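Engineer: The structure under discussion is supplied below as structure tokens; questions concerning it will follow.
Nothing in this text is a laboratory measurement; each read-out follows from the coordinates by a stated rule. All figures in this text were calculated on a predicted structure; none of them were measured in a lab. So basically every Cβ, Gly included, is an ideal-geometry build from the backbone, and we count neighbours across all protein chains shown.
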Amino acid sequence: MASTRLTVLTQFVKGRYICQLQRITLRYCNKGGSSRGLREYINSNAVDFAQKNPQVVVYVRPRPYRHPSIIAEFLNGKHKAISVKNLSRAEINNKVEQLRNSSGITRKKMKRWWHTDSPSIQGVWTPFDSLPYKNY
Amino acid sequence: MAGIFKLIQVGRCSVQLLTCKSLGSTANYNNFQNIINKAVPCRSLASRPIHKRLRKRSSSDQSSGDNLDKFKPRSAYANWNYDAELSAFMKRIQQNVSEDRLRMALTHHSFLHQNDDVNYMDDNDYNTGTGVADFKSVEDVYQSNDRLTILGYNAMRHFVTEYVYVRYPNLKSSHIYDMINFFMNRDGMVNIAHYLGIADLIRSKILLYNPVKTRIISDVFCAIVGAIYMDLGPIEARSFVQDFILVQQYGREFSDIIKIEHPIFMLTAILKMQRMQPLEARLLRESGRATHFPTYVVGAFSGSKLLSEGAGPSIKAAKSAACQEALLNYFQKEFRNAPLPSDHDNYLAEEEIKLDVAKIESSNSI
């Protein structure tokens, strides 16, 4: 089932590059100790990130007396919420970069290493399968 | 704290965007609310009950009618700034269209003058809203995307037609129509529009009632092509069409796109036209003739040259399949990287286009 969504995306890989991350919301607390890293990130790194990635809209939202989190919304309609509780600035930077590079597809275990639209690669069995190819 | 941080602390629910465009601005909470109310064609945020429990209770009391709670457009959320989303969208598609034109392209005419005669909080209007706005003056037409849509649709159709015509020289006229209809499919456009994040940006009254409105979303997509055409010229518009419309072909079978009717007749005619030896079908292999499920493999020959093979449960069906296969191979022959007439600002006359003639002749033969 996961591979179905992948095929839809690979259709567009042929064209120009589209960053799949659409918008990102940084939610922090003004006073809480667990938000310290995110506050530092907003002060020092967030502006750089927004300038380097103008295709991503960055929202910053205070959320008093709660743990900090990052919500990323992707073009395929999915969103990911990541808790950044007690994380340092560098760790949060890594998280954000990871979100920017991801496609937003829900992670699923790929049970097979190959994908095919038809259930069998070989095709439907015919009586001539085992015969050598004859060139007329 | 830095300056940017001070901006954030204006109000409890305040949101400050950090795109490079508005970094220098000193928008405060009130300005932000104004932007939201202007940009979002829905019930204003202030009119919603603040407390979630209160809201639940009130909605359960009015159990009938209010279906709008089920669908909440993205623009109704607090972290939404239409200006920032617009500039991000332009960077995303990598086309610097002028902002006014882009706004025009994203505005459906049902959005204009929506507040004049309709009260949004009135339940009757939710249910009976047809969304057809009366045009009050000529200027309204210029603000909506009606005109851009026509331009964009026809420009897109022009580029698609040119591509199909140049790239597949063996196609018949009906097959060219099939290809164009495949590319210009409205459902496909809606798919691409969602993929580019257009659907959230559309300003339309109708979309609030019915979020899945193929016609409106595909019209907006066409209008964006029209906006690129107007601002950046036909070459940019063509590259946009190539990158988003023409790539729909990848991963699709050619036989699904074009319909071949009467394959035996058509193959005979083409062979005659090419002055090749007439079509001859020969049985290559067979199995289980006396059973309920026989299989025949028939080869379509022109003289001693095997054009293709086809299998089927009867000899007639196998012959038809073989001819269809041969035709598909013939029609699929394509020029990759063929020069298009619209490559140049001054359109070239057909005689002046330099093609590799040897290549054409080799691929033209069946």
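Engineer: Could you tell me which numbered condition B:Ile198 fails, if it satisfies all but one of (1) farther than 14 Å from B:Ile93 by Cα; (2) buried (at least 18 other Cβ atoms within 10 Å of the Cβ)?
Structural biologist: (1)
Engineer: Name, by its number, the condition in (1) farther than 20 Å from A:Asp129 by Cβ; (2) exposed (fewer than 12 other Cβ atoms within 10 Å of the Cβ); (3) not hydrophobic (A, V, I, L, M, F, W, C) that does not hold for B:Gln274.
Structural biologist: Tallying (1) farther than 20 Å from A:Asp129 by Cβ; (2) exposed (fewer than 12 other Cβ atoms within 10 Å of the Cβ); (3) not hydrophobic (A, V, I, L, M, F, W, C), B:Gln274 fails exactly one: (2).
Engineer: Hey, could you check the range B:76-102 for residues that are in contact with a Phe, Trp or Tyr (Cβ under 9 Å, 6 or more places away or on another chain) and in a helix (DSSP H, G or I) and say which is nearest to the other protein chains (Cβ to nearest Cβ)?
Structural biologist: Checked the range B:76-102; the qualifying residue nearest to the other protein chains (Cβ to nearest Cβ) is B:Ala84.
Engineer: Among the residues of the range A:61-109, which ones are assigned to a loop (DSSP other than H, G, I, E, B), away from every other protein chain (no Cβ under 12 Å) and crowded, with 18+ Cβ neighbours inside 10 Å?
Structural biologist: Hits for the range A:61-109 are A:Pro68, A:Val84, A:Leu87.
Engineer: Here's a follow-up. Out of the range A:45-60, which residues are assigned to a helix (DSSP H, G or I) and not basic (Lys, Arg)? Don't jump to the end; show me each part of the working.
Structural biologist: At the first step, the residues of the range A:45-60 found to be assigned to a helix (DSSP H, G or I) are A:46-52.
If the condition is that a residue be assigned to a helix (DSSP H, G or I) and not basic (Lys, Arg), then A:Ala46, A:Val47, A:Asp48, A:Phe49, A:Ala50, A:Gln51 are the ones that fit.
Engineer: Being within 11 Å of another protein chain (Cβ to nearest Cβ) and under 37 Å from the mean Cα position of the chain (by Cα) is true for just one of B:Glu325, B:Glu309. Which residue is that?
Structural biologist: On the way: B:Glu325 fails: within 11 Å of another protein chain (Cβ to nearest Cβ).
On inspection, the qualifying residue turns out to be B:Glu309.
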